[in-house]
Amino acid sequence: MRIYFARHGQSQANTLREMSTRGLKHPLTQTGRAQAADLVRRLEGRSISQIYSSPVLRAIETTVIVANQLGVDYEVAEALREYDVGNLEGRADEQAWQIWQELFDDWAIHRRWDRRIEGGETFHEVQNRFVPFVDDLIQKHGHADANLLCVAHGGLYWMMLPVVLKNVDTAFIDEHRGFDYTALVVAELRPEGLLCVEWNGEAL
């Protein structure tokens, strides 16, 4: 069994630098649609059998492009939504991004996992939706030759992949420059657990 974790393509929220962690407000840009088409090319021959998408519009639109081209069904999963930034939602000012960075550092560096932006999620709240989702995929498909694709968000992956992948930590992600648009991480289920075997085209 393999799980492919892909980030969505560029969206209007990215070009506007507007925080957008919920809802259907920001579609893909033309560049984002081209990136999704390139993701299709990288997935061809991988025998993807099912796709799961974040409910945020940019992820859904990326998923639809990939699903239509590969002829694969998809399902929207709340567990794959970007972590919620609370009252910063919709803001694009530098002060808001400074607050966002402070939370990111609290989680990724200082392990202050109970921190949250007002109205947003803590690290553990994100973990409590993402990890059971991955565990459920393993429970349902772990004994089959399945290739599953998840389309979600860079922040979510940065925080949660080190939780579910045995050989990845935040330092590793930082060394590999995080998650660019439509970055692709491949994880394989082995006796010792879920291991990353490919990071955006680089075999591990």
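Nothing in this text is a laboratory measurement; each read-out follows from the coordinates by a stated rule. The structure displayed is predicted, hence computed values, not measured ones.
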With springs connecting C-alpha atoms under 10 Å apart, model the chain as a Gaussian network and identify which of A59, A108, A79 has the largest mean-square fluctuation. A108
The chain - mean residue ellipticity at 222 nm from DSSP helices (-39,500 (n - 2.57) per run, n ≥ 4, rounded to 500): -13000 deg cm²/dmol
Equivalent-ellipsoid semi-axes of the chain, from the Cα gyration tensor, Å, largest first: 25, 21, 15
Radius of gyration and maximum dimension Dmax of region 82-121, Cα, Å: 9.7, 27
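What percentage of all Cα-Cα pairs in region 9-53 are separated by more than 14 Å?
Working: 581 of 990 pairs.
Roughly 59 percent, once rounded to a whole number.
Kirkwood hydrodynamic radius, region 118-204, all distinct C-alpha pairs: what's the number in Å?
Result for region 118-204, one decimal place: 13.8 Å.
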Divide the volume of the convex hull of the Cα atoms of region 163-204 by its number of residues and quote the answer in cubic angstrom per residue. 70
Range of Cα positions in region 44-126 per principal axis (Å), largest first: 42, 26, 20
